Amino acid sequence: MGKRITWRANALICIIILLGFALTSYISYHSNREAFEQDAERVSQLTSEGIARDIDAQFTRPIDVSLTMANDSLLKEYLTVEREHLDDADYLESLRAYLDAYRAKYGYDSVFLASAATARYYHFNGLDRMLDDRGNPENDWYHAFLAGSEEYALNIDNDEATDDAITVFINCRILDEDGGTLGIVGVGFRIDDLRGLFSAYEEQTGTKAYLVDGGGTVEVATDGSDDGHTNLFAQGAFAGFNEQVTASREEDRNLWYSTDEGSGYLVAQYIPYLDWFLVVDHDTSELDAQTARQFALAAAVIAGVVALVLVATTSIFRRYNELIVKQTAAAEQEHKSLFQEAAEQLYDNIYEIDVTHDRAASEETEQYFQSLGVPPNTPFSKALAAIAEKQVKEEFRQRYLDTFAPAAVLEAYARGEDGLSYEFMMSDDDGTYSWMRINAHLFTWSDDGSVRMLVYRQNVDEEKRREHAMIEQMQRDSLTGLYNKAATQERIRDRLAAAPDDPFAFLILDVDDFKSVNDRHGHSAGDTVLTEFARAVSGQFRRDDVVGRIGGDEFAAFLSVPDVAAARKKAAELVEALRLDVETDAGTCRLSASVGVALAPACGRDFEALYRRADRALYRAKALGKDCFVLDEG
């Protein structure tokens, strides 16, 4: 009887142990699996966003450099006189030196110029080849770009002028004063730069990145072995996923996959600069196998524990359960640490918010709120307002609150958005302001169904300042430093739109007999004259006035005036101030200027109308003998 009871008791204990261990293993497996999948998704999405952002940054500078060359008056002058110097070795060397100077300054692999008039292809090594053979597919890019109207375009091809390396070319159109195409200029950098970018991210995050075309052909991979030869979706773990991954150029695509060849998580997004898709693969095959091995090991441990229970007390079961709990907690902590390390390499700070319950969701977030003087357990909405008041610059404050307030976040998530982003200026500890970017990822917390927000904060001050400096540089005339024609028009239109009824004076200034300066003294002297003339013009206006160069020797100014008398006085002062003697390498040039003036709103309320009236007044001033002004009062 005792043995039977013992056997039954042992059998019951064994059944309980088996059921308990089976249930614990099942819960642990699914809990770890869910945590692992969330980590994989977040790391993959962050990697994709980081690579796409770096690709965008990598293309910004070469485009700016190419546009700068395309608007360079010296290069336009080279092309204007090209037919007169087809066999001139000095001309060819000057042009080669010009291109090589840009290559050396910015470190690009290629700098080129293609003439629209002669179809000559100049390279930093000299005249490379002719592009007039339409039957040669290597020249298709040239003829296609000339036939189009875009300001610039990108193409990827072998660089025949060097060693046939695969190169990304930025092609920019050079326009004459009448809007006709003089030629194509640009720079090129090797596709290996993108491979290096991929390699750095892959080492940090354990992912694999590809650039593929719309048909799935691999154009760029880390080692380059598959470039142009392999279809990513033709075989292997990704077979058959081409349509799912490349179906949309508007929205990012992501999916979990599991085949006999492997398993993992794919993130894909379209890169407009390249007309390719960026595909980031987080291969989880090894982790899946490791999970299976752990599961098998747990089953073996269960069998061993059951055998031991037959000859030992139930205390072994309790100790073993404690061990399982510790292992589970350690595994979850390990997954969390892996994600934290990967994310912190990309962002300065990471905080977690429980949006549904309006509170911080992590100790680090709570400590950050307290460091700003927010009392413990303060609702997130109130802490957000305190942060905005204390750190966010005033003009960004309301948008900051409107974007990240709990009600706005929940509304965005209800619309299907899983991410929010905002750039603003934030004060540092010393009171100075710098640019910050916040990217917030929204998701549902499986434990309680609440909406959570992971906030990734990154200092982008240097990036924004470079961006503003590039924009300012693009708006300046390369010779005089004044606003170029496009920037002048845009700023005058903005002033008119902001105050359509206010009185303004629109002035067009022209250097008298400037053509004779070039004819007698040469273009170098002409450039010196324009530079000194521009400096004298600029010195006659206030900081808020708009002053720009809108043609070869033609300048424009726009300023507010109280009445007609003030406009006359300003024009007279200008005529007097612009009687200059300019010293050049070729001798002294005596200058004077003619000025045409139109008044707003009497002569018009838009740029075009004012320009026509001021230009008409300028011609009248020329007809009166130059060195004077004429005011068109409407």
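Coordinate-derived values only; no laboratory data. Since the structure is predicted, the reported quantities are computational estimates derived from the model, not experimental observations. Cβ: placed from backbone, ideal geometry, glycine included. Neighbour counts: every protein chain shown.
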Between TYR106 and SER362, Cβ-based FRET efficiency (R0 45 Å, step 0.05) works out to 0.50
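Report the convex hull volume per residue for the range 525-579, counting only C-alpha atoms, in Å³.
Spread over its residues, the Cα hull of the range 525-579 gives 76 Å³ apiece.
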One finds the C-alpha centres of the range 365-417 and the range 239-257 to be spaced, in Å, by 35
Once GLU243 and ALA408 are pulled to full extension, the length gained, defined as 0.36 nm per residue separation minus their Cα-Cα distance, is 56.0 nm
As a percent rounded to 5, the proportion of antiparallel DSSP bridges among beta bridges in the chain is 95
Computed over the Cα atoms of the range 475-632, the Rg and Dmax in Å are 15.1, 48
With Cα coordinates, the longest principal axis of the chain makes an angle with the long axis of helix 89-106, in degrees rounded to 10, of 40
Taking the chain and counting helices only, DSSP H stretches of n ≥ 4 at -39,500 (n - 2.57) each over all residues, the nearest-500 ellipticity at 222 nm comes to -16000 deg cm²/dmol
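How high is the FRET efficiency between MET474 and GLN58 when r is their beta carbon distance and R₀ equals 22 Å, given to the nearest 0.05?
0.75
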Nearest 10, in degrees from 0 to 90: the angle of helix 192-205 to the longest Cα principal axis of the chain is 30
Once LEU19 and ALA577 are pulled to full extension, the length gained, defined as 0.36 nm per residue separation minus their Cα-Cα distance, is 191.0 nm
Given a Förster distance of 51 Å, the FRET efficiency implied by the Cβ-Cβ spacing of VAL81 and GLN398, rounded to the nearest 0.05, works out to 0.35
Surrounding charge for ASP275, neighbours by C-beta under 11 angstrom, Lys/Arg +1, Asp/Glu -1, total -1
Taking Cα atoms, the helix 2-70 axis meets the longest principal axis of the chain at an angle in degrees (rounded to 10) of 10
Each label sits 7 Å from Cα toward the beta-carbon; between LEU255 and GLU633 the label points are separated, in nm, by 7.5
Dividing the surface of the Cα convex hull of the range 71-190 by four yields a projected area in nm² of 7.0
For the pair ASP275 and ALA234, the simple spin-label estimate (label points 7 Å beyond Cα toward Cβ) gives in nm 2.1
Log10 I(q)/I(0) at q = 0.21, 0.26 Å⁻¹ for the range 117-159, from Debye over equal alpha-carbon scatterers, is -0.81, -1.15
